[in-house]
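J.: One structure, as structure tokens, below. Some questions next.
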Amino acid sequence: MPFFNKDSDTIRILGLVGSFGFTAAGAMAGGFFLGSYLDRKFNTSPWCMLALITCGITGSFIEFFKLIKKLSNIKNNQ
């Protein structure tokens, strides 16, 4: 692939961007499953699930902004 530069910064950037999807999906799925369990245990359906999914989405946005900050620092250092 002629457009793929095999230096360490390119590989690092691809790793950061690629891991974001797993982090976001994991946070939301964790909120869903833990919230569903708590709803069944305390009979509060769907409130715990909604609250924990919202926490997962919020955490994903925070991680997204941290990722953007890292990527901008990498670009500025070049």
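J.: Which value, in debye to the nearest 20, gives the size of the charge dipole of the chain about its Cα centre, when Lys and Arg are +1 and Asp and Glu are -1 at the Cβ? Provide the component values of the computation, followed by the final result.
T.: Values: 8 positive and 4 negative charges, 21 e Å.
It comes to approximately 100 debye.
J.: Please work out which option in (1) 139; (2) 87; (3) 115 gives volume of the Cα convex hull per residue in Å³ calculated from these coordinates, and answer with its label.
T.: The calculated read-out lines up with (2).
J.: Using 0.36 nm times the number of residues separating residue 77 and residue 58, minus their current alpha carbon distance, what extension gain do you get?
T.: Values: separation 19, 0.36 × 19 = 6.84 nm, distance 2.90 nm.
Taking 0.36 nm per residue and subtracting the Cα distance, the gain is 3.9 nm.
J.: Set the Förster distance to 35 Å, then compute FRET efficiency between residue 20 and residue 47 from the Cβ-Cβ distance, nearest 0.05.
T.: Details: r = 28 Å, r/R0 = 0.81.
Once the sixth-power term is evaluated, E becomes 0.80.
J.: Relative to the longest principal axis of the C-alpha atoms of the chain, give the angle of the C-alpha long axis of helix 47-77, reported between 0 and 90° and rounded to the nearest 10°.
T.: Once rounded, the angle reads 10 degrees.
J.: Calculate, for residue 65 and residue 38, the FRET efficiency according to 1/(1 + (r/R0)^6) with r their C-beta to C-beta distance and R0 35 Å; round to the nearest 0.05. Can you show the working numbers first?
T.: Numbers: r = 28 Å, r/R0 = 0.80.
Once rounded, the FRET efficiency stands at 0.80.
J.: Calculate for the chain the 222 nm mean residue ellipticity that helices alone would give, adding -39,500 (n - 2.57) per DSSP H run of length 4 or more and normalising by residue count, nearest 500 deg cm²/dmol. Write down the numbers at each step before the final one.
T.: Values: 2 runs with 66 residues, N = 78.
Helix contribution divided over all residues of the chain: -31000 deg cm²/dmol.
Throughout, read-outs are computed from the coordinates displayed, never taken from laboratory work. Remember, it's a predicted structure, so these values are computed and weren't measured experimentally. In this analysis, Cβ positions are derived from the backbone assuming ideal geometry, glycine residues included, and neighbour counts consider all displayed protein chains.
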